[in-house]
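A.B. asks: Just dropping this structure here.
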Amino acid sequence: MIKTLRMGAAGAAIAAMALASAANAAETATATATADVVQAFTVTKDADLDFGAIVVDPAGGDVTVSAAGVLSCGAGFVCHGTNSAAAFSIDGGTIGKRLFIDLPDTSGGALVMLHSDSAALVSGGAVAASVEIELDSFTTDAAFDALSGKHYVDIADAGLAGGGTATGVGEAAFAVGGTATFDGSEVEGTYSVNFDVTVDYE
(Lines give C-alpha, C1' and ligand atoms only; values in the text may rest on other atoms or scores of the structure.)
Protein backbone atom coordinates (compact mmCIF):
# COMPACT_ATOMS: atom_id res chain seq x y z
CA MET A 1 0.00 0.00 0.00
CA ILE A 2 2.78 2.39 0.95
CA LYS A 3 4.66 1.44 -2.22
CA THR A 4 1.55 2.18 -4.27
CA LEU A 5 1.09 5.57 -2.68
CA ARG A 6 4.72 6.44 -3.29
CA MET A 7 4.45 5.43 -6.93
CA GLY A 8 1.26 7.47 -7.27
CA ALA A 9 2.94 10.53 -5.77
CA ALA A 10 5.93 10.08 -8.05
CA GLY A 11 3.64 9.85 -11.06
CA ALA A 12 1.84 13.01 -10.07
CA ALA A 13 5.14 14.82 -9.67
CA ILE A 14 6.28 13.71 -13.12
CA ALA A 15 2.97 14.83 -14.65
CA ALA A 16 3.26 18.19 -12.92
CA MET A 17 6.78 18.64 -14.26
CA ALA A 18 5.57 17.79 -17.74
CA LEU A 19 2.78 20.33 -17.51
CA ALA A 20 5.16 23.00 -16.22
CA SER A 21 7.57 22.26 -19.06
CA ALA A 22 4.77 22.61 -21.60
CA ALA A 23 3.59 25.87 -20.01
CA ASN A 24 7.10 27.35 -20.10
CA ALA A 25 7.92 26.30 -23.64
CA ALA A 26 9.20 29.20 -25.84
CA GLU A 27 6.94 30.67 -28.51
CA THR A 28 8.11 32.48 -31.65
CA ALA A 29 6.39 35.24 -33.64
CA THR A 30 7.65 36.89 -36.80
CA ALA A 31 7.41 40.58 -37.75
CA THR A 32 8.33 42.21 -41.03
CA ALA A 33 10.40 45.38 -41.31
CA THR A 34 9.43 47.67 -44.18
CA ALA A 35 10.54 51.01 -45.59
CA ASP A 36 8.98 53.07 -48.34
CA VAL A 37 11.41 55.22 -50.33
CA VAL A 38 9.64 58.18 -51.95
CA GLN A 39 10.52 61.21 -54.02
CA ALA A 40 11.00 64.61 -52.37
CA PHE A 41 8.49 67.36 -53.13
CA THR A 42 8.17 71.10 -52.61
CA VAL A 43 5.12 73.19 -51.70
CA THR A 44 4.80 76.69 -53.14
CA LYS A 45 2.30 79.41 -52.27
CA ASP A 46 0.89 80.75 -55.52
CA ALA A 47 -1.69 83.17 -54.09
CA ASP A 48 -2.61 84.69 -50.72
CA LEU A 49 -6.00 84.57 -49.00
CA ASP A 50 -7.38 88.00 -49.94
CA PHE A 51 -10.70 89.36 -48.66
CA GLY A 52 -10.50 92.48 -50.83
CA ALA A 53 -11.60 95.95 -49.68
CA ILE A 54 -14.39 96.01 -47.12
CA VAL A 55 -16.69 98.68 -45.68
CA VAL A 56 -17.49 97.29 -42.22
CA ASP A 57 -20.94 97.41 -40.67
CA PRO A 58 -20.83 98.84 -37.11
CA ALA A 59 -22.81 95.82 -35.93
CA GLY A 60 -19.98 93.53 -37.04
CA GLY A 61 -20.19 90.30 -38.98
CA ASP A 62 -18.29 87.87 -41.19
CA VAL A 63 -16.73 87.93 -44.62
CA THR A 64 -15.85 84.55 -46.12
CA VAL A 65 -13.73 83.52 -49.08
CA SER A 66 -14.33 79.88 -50.00
CA ALA A 67 -11.60 77.56 -51.24
CA ALA A 68 -13.10 78.10 -54.70
CA GLY A 69 -12.52 81.84 -54.31
CA VAL A 70 -16.19 82.75 -53.85
CA LEU A 71 -16.74 85.79 -51.61
CA SER A 72 -19.62 85.96 -49.11
CA CYS A 73 -20.03 89.49 -47.77
CA GLY A 74 -21.76 89.84 -44.39
CA ALA A 75 -25.08 91.62 -43.95
CA GLY A 76 -24.57 95.38 -43.85
CA PHE A 77 -21.04 95.08 -45.26
CA VAL A 78 -19.96 96.40 -48.65
CA CYS A 79 -17.21 94.40 -50.37
CA HIS A 80 -15.10 95.87 -53.17
CA GLY A 81 -12.13 94.94 -55.31
CA THR A 82 -10.65 91.55 -56.00
CA ASN A 83 -10.47 88.61 -53.65
CA SER A 84 -8.85 85.18 -53.80
CA ALA A 85 -8.41 81.94 -51.93
CA ALA A 86 -4.88 80.99 -50.92
CA ALA A 87 -3.45 78.69 -53.61
CA PHE A 88 -0.66 76.14 -53.21
CA SER A 89 1.13 73.94 -55.74
CA ILE A 90 3.15 70.79 -55.12
CA ASP A 91 6.03 69.89 -57.40
CA GLY A 92 7.73 66.50 -57.38
CA GLY A 93 6.84 63.61 -55.13
CA THR A 94 6.11 59.99 -55.99
CA ILE A 95 3.35 59.64 -58.58
CA GLY A 96 0.35 57.79 -57.21
CA LYS A 97 1.17 58.54 -53.58
CA ARG A 98 -1.16 60.48 -51.28
CA LEU A 99 -0.25 63.65 -49.41
CA PHE A 100 -2.15 64.73 -46.31
CA ILE A 101 -2.80 68.42 -45.64
CA ASP A 102 -2.97 70.02 -42.19
CA LEU A 103 -4.82 73.34 -42.11
CA PRO A 104 -4.18 75.90 -39.34
CA ASP A 105 -5.43 74.62 -35.97
CA THR A 106 -7.77 77.22 -34.47
CA SER A 107 -9.31 74.94 -31.84
CA GLY A 108 -7.59 77.05 -29.19
CA GLY A 109 -8.74 80.33 -30.73
CA ALA A 110 -8.84 82.20 -34.00
CA LEU A 111 -5.78 83.69 -35.67
CA VAL A 112 -5.63 87.48 -35.40
CA MET A 113 -5.09 89.75 -38.38
CA LEU A 114 -3.45 92.93 -37.08
CA HIS A 115 -3.57 96.45 -38.48
CA SER A 116 -0.27 97.33 -40.15
CA ASP A 117 0.17 100.18 -37.64
CA SER A 118 -1.50 98.49 -34.66
CA ALA A 119 1.23 99.23 -32.09
CA ALA A 120 1.17 102.96 -32.76
CA LEU A 121 -2.62 103.08 -32.84
CA VAL A 122 -2.97 101.28 -29.51
CA SER A 123 -0.29 103.42 -27.87
CA GLY A 124 -2.18 106.43 -29.16
CA GLY A 125 -5.33 105.33 -27.37
CA ALA A 126 -7.06 103.02 -29.82
CA VAL A 127 -8.89 100.03 -28.35
CA ALA A 128 -7.09 96.75 -29.13
CA ALA A 129 -10.21 95.21 -30.71
CA SER A 130 -10.35 98.07 -33.22
CA VAL A 131 -7.03 97.02 -34.76
CA GLU A 132 -7.77 93.28 -34.91
CA ILE A 133 -9.75 90.97 -37.21
CA GLU A 134 -10.22 87.31 -36.34
CA LEU A 135 -9.41 84.69 -38.98
CA ASP A 136 -10.96 81.24 -38.57
CA SER A 137 -12.95 78.43 -40.21
CA PHE A 138 -10.34 77.43 -42.77
CA THR A 139 -11.55 75.31 -45.68
CA THR A 140 -9.88 73.58 -48.61
CA ASP A 141 -10.89 72.10 -51.93
CA ALA A 142 -8.69 69.05 -51.25
CA ALA A 143 -10.53 65.75 -50.77
CA PHE A 144 -11.35 64.54 -47.25
CA ASP A 145 -10.34 61.17 -45.78
CA ALA A 146 -12.86 60.19 -43.10
CA LEU A 147 -10.59 57.52 -41.61
CA SER A 148 -7.71 59.87 -40.82
CA GLY A 149 -9.85 62.98 -40.47
CA LYS A 150 -7.53 64.85 -42.84
CA HIS A 151 -7.70 66.42 -46.28
CA TYR A 152 -5.46 65.06 -49.01
CA VAL A 153 -4.29 65.30 -52.61
CA ASP A 154 -2.93 62.50 -54.79
CA ILE A 155 0.26 63.13 -56.75
CA ALA A 156 -0.32 62.87 -60.50
CA ASP A 157 2.00 62.94 -63.50
CA ALA A 158 2.44 66.57 -64.53
CA GLY A 159 2.63 65.66 -68.20
CA LEU A 160 -0.79 64.00 -68.25
CA ALA A 161 -2.66 67.18 -67.39
CA GLY A 162 -4.86 68.09 -70.34
CA GLY A 163 -4.15 64.80 -72.11
CA GLY A 164 -0.41 65.31 -72.53
CA THR A 165 2.44 62.82 -72.42
CA ALA A 166 3.69 61.29 -69.18
CA THR A 167 6.89 62.89 -67.87
CA GLY A 168 7.43 60.98 -64.63
CA VAL A 169 7.34 64.25 -62.69
CA GLY A 170 4.68 64.52 -59.99
CA GLU A 171 2.43 67.47 -59.23
CA ALA A 172 -0.67 68.41 -57.23
CA ALA A 173 -2.45 71.57 -56.12
CA PHE A 174 -5.02 72.77 -53.60
CA ALA A 175 -6.59 75.98 -52.33
CA VAL A 176 -7.53 77.28 -48.87
CA GLY A 177 -10.32 79.65 -47.86
CA GLY A 178 -11.31 81.17 -44.53
CA THR A 179 -13.61 83.52 -42.63
CA ALA A 180 -12.73 86.98 -41.30
CA THR A 181 -14.81 88.11 -38.32
CA PHE A 182 -15.24 91.83 -37.59
CA ASP A 183 -16.64 93.35 -34.38
CA GLY A 184 -17.53 96.56 -36.24
CA SER A 185 -15.02 98.86 -34.56
CA GLU A 186 -12.10 98.21 -36.94
CA VAL A 187 -10.22 101.32 -38.01
CA GLU A 188 -9.26 101.99 -41.61
CA GLY A 189 -6.11 100.27 -42.83
CA THR A 190 -4.55 97.01 -43.97
CA TYR A 191 -4.78 93.93 -41.73
CA SER A 192 -2.76 90.75 -42.12
CA VAL A 193 -1.50 87.56 -40.47
CA ASN A 194 0.63 84.69 -41.71
CA PHE A 195 -0.64 81.12 -41.50
CA ASP A 196 0.90 77.76 -42.31
CA VAL A 197 -0.38 74.66 -44.07
CA THR A 198 1.58 71.43 -43.69
CA VAL A 199 1.79 68.74 -46.39
CA ASP A 200 3.24 65.26 -45.81
CA TYR A 201 3.05 61.70 -47.09
CA GLU A 202 0.37 59.53 -45.49
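The values are calculated or read from the model by the stated rules, or taken from the named source; none is laboratory data. Just so it is clear, the model here is predicted, and its values are computed rather than measured. Here the Cβ is made from the backbone with ideal geometry for all residues, glycine too, and neighbour counts use every protein chain on show. These area figures cover heavy atoms from the full protein model, side chains too; ligands, DNA and RNA do not enter into them. Shrake-Rupley method; radii C 1.70, N 1.55, O 1.52, S 1.80 Å.
A.B. asks: Quote the relative contact order of the chain in percent (integer), defining contacts as alpha-carbon pairs under 8 Å separated by 6+ residues.
C.D. replies: About 27 percent, as a whole number.
A.B. asks: Heavy-atom accessible area per residue, the chain, 1.4 Å probe: how many Å²?
C.D. replies: Working: 12360 Å² over 202 residues.
So the chain comes to 61 Å² accessible per residue, rounded to a whole number.
A.B. asks: Among ALA172, HIS151, ALA128, whose Cα lies farthest out toward the positive end of the dipole of segment 127-191, if unit charges sit on the beta carbon of Lys, Arg (+1) and Asp, Glu (-1)?
C.D. replies: It is ALA172, whose Cα lies furthest towards the positive end.
A.B. asks: Could you compute how much accessible surface LEU111 exposes when probed at 1.4 Å, giving the result in Å² to the nearest 10?
C.D. replies: Answer for LEU111: close to 40 Å² accessible.
A.B. asks: Could I ask something else about it? Considering all projection directions equally, how large on average is the shadow of the alpha-carbon convex hull of segment 137-202, in square nanometres? Kindly include the intermediate steps, with their values, before the conclusion.
C.D. replies: Values: hull surface 30.1 nm².
For segment 137-202, averaging the hull's shadow over all directions gives 7.5 nm².
A.B. asks: Still on this model: Between ALA146 and ASP46, what is the label-to-label distance in nm when each label sits 7 Å out along the Cα-to-Cβ direction?
C.D. replies: About 3.0 nm, to one decimal.
A.B. asks: Return one quarter of the surface area of the convex hull spanned by the alpha-carbon atoms of the chain, equal to its mean projected area, in nm². Write down the numbers at each step before the final one.
C.D. replies: Working: hull surface 97.2 nm².
Average projection, Cα convex hull of the chain: 24.3 nm².
A.B. asks: Also, quick follow-up: Taking +1 at the Cβ of each Lys and Arg and -1 at the Cβ of each Asp and Glu, which of LEU111, THR94, HIS80 sits farthest along the dipole of segment 52-131 towards its positive end, judged by Cα position relative to the Cα centre?
C.D. replies: Towards the positive end, the residue furthest out is THR94.
A.B. asks: Quick one: with all protein chains in place, what share of the accessible area of segment 84-199 is carbon or sulfur, to the nearest percent (1.4 Å probe)? Could you put the intermediate results ahead of the total?
C.D. replies: Values: 3030 of 5830 Å².
Of the solvent-accessible surface of segment 84-199, carbon and sulfur hold 52 percent.
A.B. asks: I would also like to ask the following. Taking 7 Å along the Cα-to-C-beta vector as the label spot, tell me the ALA128-THR190 distance in nanometres, rounded to one decimal.
C.D. replies: Between ALA128 and THR190, the label points sit 2.5 nm apart.
A.B. asks: A further question follows. Kindly report, to the nearest 10 Å², the accessible surface of HIS151 as traced by a 1.4 Å probe over protein heavy atoms only.
C.D. replies: The value for HIS151 is about 50 Å².
A.B. asks: Okay, next question. Could you order LEU114, LEU99, LEU49, LEU160 by accessible surface area, starting with the largest, using a probe radius of 1.4 Å? Mind showing how you got there, number by number?
C.D. replies: Numbers: LEU114 75, LEU99 0, LEU49 30, LEU160 95 Å².
Ranked from most to least accessible, the order is LEU160, LEU114, LEU49, LEU99.
A.B. asks: Quick one: compute the contact order of segment 96-202, relative version, from alpha carbon pairs under 8 angstrom and 6+ residues apart, as a percent. Kindly include the intermediate steps, with their values, before the conclusion.
C.D. replies: On the way: 180 pairs, mean separation 44.9, N = 107.
Reported relative contact order: 42 percent.
A.B. asks: Gain in length, THR165 to THR82, computed as 0.36 nm per residue apart minus the alpha-carbon separation, to one decimal in nm? Present the calculation step by step, with values, prior to reporting the outcome.
C.D. replies: Numbers: separation 83, 0.36 × 83 = 29.88 nm, distance 3.56 nm.
So the chain would gain 26.3 nm between THR165 and THR82.
A.B. asks: Using the Cα centre of the chain as the reference point, and only Cβ charges (+1 on K/R, -1 on D/E), how large is the resulting charge dipole? Debye, rounded to the nearest 20.
C.D. replies: Details: 6 positive and 25 negative charges, 349 e Å.
It works out to roughly 1680 debye.
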